[in-house]
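Here the structure is laid out as structure tokens; the discussion comes afterwards.
The values are calculated or read from the model by the stated rules, or taken from the named source; none is laboratory data. Just so you know, these numbers come straight off a predicted model, no measurement behind them. With ideal geometry, Cβ positions are generated from the backbone for all residues, glycine too; neighbour counts draw on all protein chains shown. Just the protein is used for accessible areas: all its heavy atoms, side chains included, with ligands, DNA and RNA removed. Shrake-Rupley method; radii C 1.70, N 1.55, O 1.52, S 1.80 Å.
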Amino acid sequence: GMVQQEPAAAPGLAAAGEAAAATAEVRLSRRRWAVVLLFSSYSLCNAFQWIQYSSINNVFVRFYGVSAFAIDWLSMSYMLTYIPLLFPVAWLLDKRGLRLIALAGSALNALGAWVKLGSLKPHLFPITVLGQVICSLAQVFILGMPSRIASVWFGSREVSTACSIAVFGNQLGIAVGFLVPPVLVPNVEDVEKLAYHISIMFFMAAGVATALFILVVIVFKEKPPHPPSRAQALIQSRPTEEYSYVQSILRLLRNANFLLLMVTYGLNTGCFYALSTLLNRMVIHHYPGEEVNAGRIGLTIVLSGMAGALISGIWLDRTKTYKQTTLVVYIMSLVGMIAYTFTLSLGHLWVVFVTAGMLGFFMTGYLPLGFEFAAELTYPESEGTSSGLLNVAAQIFGIAFTIGQGQIMDRFGTKAGNLFLCSFLFLGTVITAFIKADLRRQQANLDNEQTVIRSGERPEGPRSSSALTGCS
């Protein structure tokens, strides 16, 4: 499967590449943890800026004097800008590498945060839109990175855990975005006091984003001195003239299993985007004056999802059961969404917290599963490209679901809007069952270990286990 997926190359070049991969020294770098944690941190800051408006939707509606739909578009701008810019940014990732993408993402994130500080008057809504659009550009340089960082920097026994940590930061940012704005920006009547509270939130985001950009300049490197796995050694040994970005995309779009995963990932993540954007409106509708608890419910969804993501990553590294795990998590996401739908209107906030936590554990925990399953199904294609296509599907469905659910909620109520999402999660569950577990990256690691054993060298396993203690 691995050989069939690579572009046609001269037999001598291919053989030379395989020989180089078999003899390459595989070691893990100490810096790998600093790289993934730094990425996770500026991803956190960017995700916070995505949700900071929606988590106090009613407050910003009153401050700027615009409609709730206009505030929803501040979140949907993240989804809209991603779609046309994915391919140029993925091309840059493949041609110029991780460091340039990390610098661009963290720099745009800081710039957008500073622009928002110029929008602290009710008539300056266009300025806050501009700042949010700049932050949405930063997101294009962030969302497709987790699986690429994991593959380039981490060994085969920890790659899924590393991907989960990278996604973890984005989810933590959403959690902070639900928790902090309702606390920093109380729903006061005085516009001047409101502007003061908003300025505190904007200044904090700008300061953190700037500090993280400086750290990226200092700490973030392109790749480790040695490949961390046999699969990565094989990719690095491939002559650059073999690789064609356009051909890579065409191969991905001819991969039936990957196309099915694209649709199912888009449906699940699109539901999460719609739920996050509209959560404040849902909770305030049933529990007036509970802005802070609306934020806490969002926090519960994301924190439980982070736990789900981390457990999923560790589970995948131990079992490699990508298809089975993905299907079980999808089914439980549907069950959680149904439970949340029918308990939201019961009048008991504690029940909503419980069902929202269950929903988040599986729905948000699914995100790194999708990235890693895609990396397995599409090896040796670039993880940045496969992750980017998954995210394009998520953004398209996210915009459609947010607009659709918002309109349904306005006309028929929150229960009808949530049932709208349940129907698509059911569809995604059915489609997931038809994805075949064609684990090409795992097969590449096994093939290369067998090659090393036949050539009389030590296999990757012992080297990786010793490297896990911290050798660089």
How much length is gained on full extension from Leu427 to Arg411, taking 0.36 nm per residue of separation minus their Cα-Cα distance? 3.4 nm
So if I place +1 on the C-beta of Lys and Arg and -1 on the C-beta of Asp and Glu, and nothing else carries charge, what would the dipole magnitude of the chain be about its Cα centre? I want it in debye, nearest 20. 380
Semi-axes of the equivalent ellipsoid of the range 245-454: what are they in whole Å, largest first, if each equals the square root of 5 times a C-alpha gyration tensor eigenvalue? 35, 18, 13
According to a simple spin-label model (label point 7 Å from Cα along Cα-to-Cβ), what is the distance in nm between Leu215 and Asn58? 3.6
Environment charge of Ala256, counting only residues whose C-beta is closer than 10 Å and scoring Lys/Arg +1, Asp/Glu -1: +1
Amide N proximity, the range 394-431 versus Phe342 label position 7 Å along Cα-to-Cβ, cut-off under 16 Å: 415-423, 426
Put a dot 7 Å past each Cα toward the Cβ at Ile314 and Ile200; how far apart are the dots in nm? 3.7
Ordering Asp190, Asp317, Asp410 by accessible area with a probe of 1.4 Å, largest first, what comes out? Asp410, Asp190, Asp317
Per the helix-only calculation at 222 nm, which mean residue ellipticity applies to the chain, given -39500 (n - 2.57) for every DSSP H run of n ≥ 4 and division by its residues, nearest 500 deg cm²/dmol? -26500 deg cm²/dmol
From the alpha carbon gyration tensor of the range 156-307, can you work out the equivalent ellipsoid semi-axes (sqrt of 5 times each eigenvalue) and give them in Å, largest to smallest? 40, 23, 14
Along the charge dipole of the chain, pointing to its positive end and built from +1/-1 on Cβ of Lys, Arg, Asp and Glu, which listed residue (Tyr322, Met282, Ile408) has its Cα farthest out? Tyr322
Expressed in nanometres to one decimal, the distance between label points 7 Å along Cα→Cβ at Val292 and Leu327 is 4.6
